[in-house]
Amino acid sequence: MILQSINIMGRELVLYKCRQYDVLIEPNVGDVGLTDFSQKKRLLEAGMQAARQALPKIRKLMEERS
């Protein structure tokens, strides 16, 4: 129960801080917990896929600012 509360508070803090960023890369990790390292390969792939999907927006922002 305490760990779940900490996870929720941490998530809300991250969402609050992320409002200041132009691009947020947020991979779909499903219901994998913070301490579950058994699915690291799948999570790495999800992160790479999310980063690839964000590339067009990142490139556009870079062009606008150069």
**Message:** Regarding region 8-15, can at least one residue be identified that is modelled with pLDDT of 90 or more, β-branched (Val, Ile, Thr) and part of a helix (DSSP H, G or I)?
**Reply:** no
**Fill in**
Flagged in region 18-49 as part of a helix (DSSP H, G or I) and more than 20 Å from ASN7 (Cβ to Cβ), in numbering order, are LYS41, LEU44, GLU45, MET48, GLN49
**Count of residues meeting criterion [closer than 16 Å to VAL14 by Cα and among the charged types (D, E, K, R)] in region 24-50** = 1
**Every residue from region 13-44 that is under 30 Å from ARG65 (Cβ atoms) and among the charged types (D, E, K, R)** = LYS17, ARG19, ASP22, GLU26
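For region 42-66, which positions are more than 16 Å from the chain's Cα centre (by Cα) and either loosely packed, with under 11 Cβ neighbours inside 10 Å or among the aromatic types (Phe, Trp, Tyr) (or both)?
PRO56, ARG59, MET62, GLU63, GLU64, ARG65, SER66
The values are calculated or read from the model by the stated rules, or taken from the named source; none is laboratory data. Only a predicted model underlies this, so the values are computations on that prediction, with no experimental measurement involved. Backbone-built Cβ (ideal geometry, glycine too); neighbour counts: all protein chains shown.
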